[in-house]
Every structure is written in C-alpha cells, then in structure tokens.
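The values are calculated or read from the model by the stated rules, or taken from the named source; none is laboratory data. No experiment lies behind these values; they were computed from the predicted model shown. Ideal geometry is used to build each Cβ from the backbone, glycine not excepted, and the neighbour counts take in all protein chains shown. The accessibility values were calculated without ligands, DNA or RNA, using every heavy atom of the protein model including side chains. Shrake-Rupley method; radii C 1.70, N 1.55, O 1.52, S 1.80 Å.
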Amino acid sequence: GNSVTQMEGPVTLSEEAFLTINCTYTATGYPSLFWYVQYPGEGLQLLLKATKADDKGSNKGFEATYRKETTSFHLEKGSVQVSDSAVYFCALRPNYGGATNKLIFGTGTLLAVQP
Amino acid sequence: EPEVTQTPSHQVTQMGQEVILRCVPISNHLYFYWYRQILGQKVEFLVSFYNNEISEKSEIFDDQFSVERPDGSNFTLKIRSTKLEDSAMYFCASSEALAGGQYNEQFFGPGTRLTVL
C-alpha cells in the first residue's frame with residue numbers, strides 16, 4: 001500500500017543551522033510528493049511539491065528533490081530562522097491512473113529553532 | 001486571503017454522544033475533505049466530497065461517520081456515537097475541482113480537537 005515515513009522529532013536547531021528532515025515513501029506507480037507546514041494555531045499549508053522523479057520543489061528557502069531510486073523526498077534548508085519553527089508534514093498523493101486527490105501523510109516532525 | 005475555518009476549536013464529549021464538527025471551506029472551492037490525526041500518529045484521510053456526494057472514503061469512515069453540506073457555505077462531519085478512539089484532531093480541507101488529473105492544492109483549516117471521555 002501507500003505510506004510515508006518521516007524522521008521523528010522534535011528537531012532542535014540554532015538559528016542559521018542547516019536543516020534536513022528525512023522522508024521516505026512507499027507507493028505504487030508515480031505518486032506526487034508534498035511538504036506541508038503547520039505553524040502554531042494554524043492549518044496545514046502547502047510548502048512545496050514535486051510531481052515526478054528528479055523534480056525539485058522549492059519555496060521560502062526550503063528544497064526537496066523527488067528521488068525515485070531511494071523513494072525519498074527529504075526537506076532541506078541551508079539556514080533556518082526562528083520563524084521556521086513549526087510542524088512539517090511529508091505527504092504523497094497516489095497516482096492510480098484515476099482521479100484521486102487524497103493525501104497520505106507522515107506523522108509530522110516538530111522543528112524548534114532557537115535564537 | 002481566503003481561508004478555511006473550523007468550529008469549534010476544541011470539543012469535549014461523552015462516549016456515545018453525537019458530535020458535529022463544522023467547517024467553512026473557501027468559497028469558490030468545490031472539493032471538500034476531512035482528515036484526522038490521533039495524538040502521536042499520522043494524519044489520516046477520512047473522506048472527500050464533491051457535487052453533494054462522497055467521492056472517496058477510507059476504511060476508517062464507517063457507518064458512524066457522515067458528511068453533509070447543509071447550505072452553501074458549511075461542510076460538516078457528524079460522528080453518530082462517539083468512541084474513546086475517536087479522540088483526535090480533525091482537519092477540514094478544500095480545493096478547486098480537479099482538471100485533467102492535475103493536483104489542486106488543498107487548503108486546510110486549523111483543526112478541531114475532539115476529546116471523548
């Protein structure tokens with residue numbers, strides 16, 4: 001079946017440190033991959049996405065590359081800020097060849113950035 | 001900027017009681033969704049809704065659950081007889097209609113925390 005596995009948190013970093021949050025997936029076919037972010041008290045927001053192998057999604061200094069050979073979509077940022085503190089969710093959208101828009105999420109990783 | 005809203009933010013209920021969770025999707029969106037996250041576990045898809053009917057549902061979405069769009073703005077999730085294991089954060093989402101299989105971003109609400117005692 002389809003599933004997403006994320007590294008467990010919390011991840012605590014100092015400002016300007018390099019961030020990696022690991023995400024691997026299991027899926028049939030060629031799913032689309034996403035990172036969502038949830039700031040305190042808010043809903044999940046789409047951070048970036050990639051729809052095919054070797055695509056790189058990027059937004060707000062965050063990047064993730066769709067690696068089919070390792071079934072991974074790791075999130076990276078070169079220099080984190082305190083304002084990046086949030087919960088980050090990796091997700092996939094199955095591609096059955098039919099119309100589905102459901103998302104399959106990982107458990108989320110809490111990132112805490114200290115000044 | 002338009003956003004999805006959910007009420008209440010926290011609902012406490014006794015086991016066996018019915019609860020209705022409410023969502024107001026973004027006004028021009030046509031697809032609606034419910035997800036839930038049990039504490040410490042993954043966010044799980046429950047159901048999607050389009051054109052006044054369920055378009056897809058998961059195995060979690062059994063006869064205890066129902067969804068409705070009672071008017072032009074609200075989208076509700078009803079749990080008929082709550083169980084302890086229904087305690088979770090429930091997220092509503094909405095998106096524009098699918099076109100040619102392209103992904104339409106889902107916009108999420110802040111969630112309703114349901115506690116069943």
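Per residue, chain B exposes an accessible area of 51 Å² to a 1.4 Å probe, with every protein chain left in place.
Here the dipole of chain B is about 300 debye; that uses its Cα centre as origin and unit charges on the Cβ of Lys and Arg (positive) and Asp and Glu (negative). Assuming charge only on the beta carbon of Lys and Arg (+1) and of Asp and Glu (-1), the dipole of chain A about its Cα centre is about 460 debye to the nearest 20.
Placing +1 on the Cβ of every Lys and Arg and -1 on the Cβ of every Asp and Glu, with no other charges, gives the protein assembly as shown a dipole of roughly 200 debye about its Cα centre. Take the Cα of A:Ala112, step 7 Å toward its Cβ, do the same at B:Arg113, and the gap between the two points is 1.7 nm. Here the label points at A:Gln45 and B:Ser81, each 7 Å from Cα along the C-beta direction, are separated by 4.3 nm in the simple model. Between B and A, buried accessible area from a 1.4 angstrom probe totals roughly 1700 Å², ignoring ligands, DNA and RNA. Considering every alpha-carbon pair of chain B, the percent of pairs per 5 Å bin, from zero through the bin containing the longest distance, is 2, 12, 23, 26, 20, 11, 5, 2, 0. Cross-link pairs exceeding 32 Å in C-alpha to C-alpha distance, out of A:Lys60/B:Lys42; A:Lys77/B:Lys83; A:Lys68/A:Lys102; A:Lys49/B:Lys57; A:Lys60/A:Lys102; A:Lys77/B:Lys42, comprise A:Lys77/B:Lys83. On the protein assembly as shown, 47 percent of the accessible area sits on carbon and sulfur atoms, based on a 1.4 Å probe. The 3J(HN,Hα) values that the Karplus relation (6.51, -1.76, 1.60; θ = phi - 60°) gives for segment B:7-24 are, in residue order, 9, x, 7, 9, 10, 10, 9, 8, 3, x, 7, 8, 10, 10, 9, 10, 9, 10 Hz. Gly and Pro appear as x.
For the residues of A:100-111, the average number of beta carbons from a partner chain within 10 Å of their own beta carbon is 6.
Restricting the trypsin sites (Lys or Arg not before Pro) of segment A:1-98 to loop positions (DSSP other than H, G, I, E, B) with no more than 16 neighbouring Cβ atoms within 10 Å leaves A:Lys52, A:Lys60, A:Lys68.
In this structure B:Ser9 has an accessible area near 90 Å², from a 1.4 Å probe over the protein heavy atoms. Within the assembled protein chains, the solvent-accessible surface assigned to B:Ser73 is about 50 Å², based on a 1.4 Å probe. For segment A:61-75 and segment B:38-114, what is the separation of their Cα centres, given in Å? Spelled out, the Cα-based centre of one part sits 28 Å from the other. Computed from phi, the 3J(HN,Hα) profile of segment A:82-88 under the Karplus parametrisation 6.51, -1.76, 1.60 (θ = phi - 60°) reads 4, 5, 7, 4, 4, 9, 10 Hz, with x in place of Gly and Pro.
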